[in-house]
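Asker: Pasting a structure here, questions to come.
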Amino acid sequence: MSERFLFNALLISLFFFAAVTVAVLFFIPAPYGRHARAGWGPTLENRIGWVIMEAPAVVVFAMCFAVGEYRNTWTAWVLFILWQAHYVHRSFIYPLELNSTRKRMPVVIAGLGFLFNMQNGYINGRYLFTFSGGYPDRWLADPRFVAGLLLFLAGYTINRHADRTLRHLRQREASGYSIPYGGLYRWISCPNYLGEIVEWFGWAVATWSLPGLAFAVWTAANLAPRAQSHHTWYRQQFASYPPQRKALLPGLW
């Protein structure tokens, strides 16, 4: 079996997993964070779980860059930096910002996240730096790259601002959860998830690639149901929860 055959199989399977993920998660919230519950087997400390889940995206993508045939362009370096800007933070900084060491994550969830990020880091990194044939430096001026970059940066900013709001809230309310306010929390329950979805659709446009699109579709399939679960949870927990808020899309849903 050739590597290209394996690559194509992994790429197609990511679209399949996205369909399965969205179907399952709308009925069964992933059991970590505020939705943690018994019955999912052995657990590990939440911060360790996050590192295990996310770090493969950093390492595998970097390996694909290091051995790639088409890495010695400004475009390749820009794409490498964009990816790592998200995942270095998500893998090694964000877990340290979680202020509770009491929370636990099922090993199965960390393991599934580990496998996904291995696969996703490989198909995106291997495509960009080898199978794509290379992105010339003039791609940086292409309208698709410019539009995708703007979307990526907008989503990254929304995501980080929302995460910062939640972090400050956790620091003030160490004993439990409370209602977040400010920024896009004025209109939706999960601007952090909206930001990440926008970010990776921006990546898909900036790279103009099927691996980028597969990742963006999977991100939406994973985070849209979780946003709905969070929204429902907030309404059940807080009688004073702002009635005008939607789950993920301001004014719509």
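Asker: Which percent of Cα-Cα pairs in the chain sits in each 10 Å bin, short to long?
Answerer: Once binned at 10 Å, the Cα pair distances of the chain give 7, 29, 36, 20, 7, 1.
Asker: Using only Cα atoms, find the angle between the long axis of helix 74-88 and the longest principal axis of the chain, and express it within 0 to 90 degrees, rounded to the nearest 10.
Answerer: Relative to the chain, helix 74-88 is tipped by roughly 20 degrees.
Asker: Determine the dipole magnitude for the chain: charges of +1 sit on the beta-carbon of Lys and Arg, -1 on that of Asp and Glu, nothing else is charged, the reference point is the Cα centre, and the result goes in debye to the nearest 20.
Answerer: Around 840 debye, computed over the chain.
Asker: Right, another one. Taking the Cα-to-Cβ direction at Leu153 and at Gln171 and moving 7 Å from each Cα, how far apart do the two end points lie in nm?
Answerer: A separation of 2.7 nm, rounded to one decimal place.
Asker: Step through the residues of region 203-211 one at a time and calculate ³J(HN,Hα) from phi using the Karplus curve (6.51 cos²θ - 1.76 cosθ + 1.60, θ = phi - 60°), rounding each to whole Hz and writing x for Gly and Pro.
Answerer: With coefficients 6.51, -1.76 and 1.60, one gets 4, 4, 6, 5, 8, 6, 9, 5, x Hz.
Asker: Let me ask another. Round to the nearest 0.05 the FRET efficiency obtained for Phe16 and Leu252 when R0 = 25 Å and r is the Cβ-Cβ distance.
Answerer: The value I calculate is 0.35.
Asker: Continuing with the same structure: Roughly how tilted is helix 3-25, in degrees to the nearest 10 and between 0 and 90, from the longest Cα axis of the chain?
Answerer: On a 0 to 90 degree scale, this one is about 20.
Asker: Name the longest site-free stretch of the chain, where the excluded sites are trypsin sites (Lys or Arg not before Pro) in a DSSP loop with no more than 14 other beta-carbon atoms within 10 Å.
Answerer: Counting only loop sites that pass the neighbour cut-off, the longest clear stretch is 103-253.
Asker: Under 5 Å between amide H atoms, partner at least 5 residues away or on a different chain: which partners does Leu248 have, H built in plane at 1.01 Å?
Answerer: Ser189, Trp253
Asker: If the elastic network links every pair of Cα atoms under 10 Å, which of Ala216, Ala57, Ala19 fluctuates the most in the Gaussian network model of the chain?
Answerer: Taking springs between Cα atoms under 10 Å, the residue moving most is Ala19.
Asker: Hey, another quick one. Run the simple label-point estimate for Trp40 and Arg160 please: 7 Å along Cα→C-beta, distance reported in nm.
Answerer: In this crude label model, Trp40 to Arg160 measures out at 2.9 nm.
Asker: While we're on this one: Can you give me the orientation-averaged projected area of the convex hull built on the Cα atoms of region 114-207, in nm²?
Answerer: 8.0 nm²
Asker: As I understand it, the dipole of the chain uses +1 on the Cβ of Lys and Arg and -1 on the Cβ of Asp and Glu, about the Cα centre. Which of Asn117, Ile179, Phe5 lies farthest toward its positive end?
Answerer: Of Asn117, Ile179, Phe5, it is Ile179.
Asker: Once amide H atoms are built 1.01 Å from N in the peptide plane, which residues 5 or more positions from Leu44, or in another chain, come under 5 Å H to H?
Answerer: Those lying under 5 Å, H to H, from Leu44 are Met105, Val107.
Asker: Any chance you could run the full-extension gain for Val146 through Val24? It's 0.36 nm times the residue separation minus the Cα-Cα distance, nm to one decimal.
Answerer: The span from Val146 to Val24 would gain 40.4 nm if fully extended.
Asker: Here's a follow-up. Across region 151-253, what fraction of all alpha-carbon pairs, as a whole percent, falls in each successive 10 Å bin from zero upward?
Answerer: Distribution as computed: 16, 43, 29, 10, 1 percent.
Asker: Grab the other residues whose beta carbon is less than 14 angstrom from that of Thr207, score K and R as +1, D and E as -1, and report the net.
Answerer: Around Thr207, the charge tally is 0.
Asker: Go ahead and set up a Gaussian network model of the chain, Cα springs under 10 Å, then flag whichever of Val198, Val78, Val58 fluctuates most.
Answerer: Ranking Val198, Val78, Val58 by mean-square fluctuation puts Val78 first.
Asker: Still on this structure: As a check on your grasp of the helix formula, calculate [θ] at 222 nm for the chain: sum -39500 (n - 2.57) over DSSP H runs of n ≥ 4, divide by the residue count, round to the nearest 500.
Answerer: -21500 deg cm²/dmol
Asker: Another question, if that's okay. Can you give the angle from 0 to 90° between the axis of helix 107-126 and the longest principal axis of the chain, with both taken from C-alpha atoms, to the nearest 10?
Answerer: Approximately 30 degrees, to the nearest ten.
Asker: Right, next: So what is the relative contact order for the chain, in percent, with contacts set as C-alpha pairs under 8 Å and at least six apart?
Answerer: 25 percent
Asker: Next question. With a Förster radius of 25 Å, plug the Cβ-Cβ distance of Ala66 and Leu98 into 1/(1 + (r/R0)^6) and report the FRET value to the nearest 0.05.
Answerer: The pair Ala66/Leu98 has a calculated efficiency of 0.25.
Asker: Quote the FRET efficiency, to the nearest 0.05, computed for Asn8 versus Phe238 with a Förster distance R0 of 35 Å and r equal to the Cβ-Cβ distance.
Answerer: It comes to 0.15.
Asker: Let me ask something else. When Lys and Arg each count +1 and Asp and Glu each count -1, what net charge do the other residues less than 15 Å away from Gln244, Cβ to Cβ, add up to?
Answerer: Around Gln244, the charge tally is +4.
All of the numbers you see were taken from the coordinates with simple rules; none came from a lab. Since this is a predicted model, take the numbers as computed values, not measurements. Note that each Cβ is placed from the backbone with ideal geometry, even for glycine, and that neighbours are counted across all protein chains shown.
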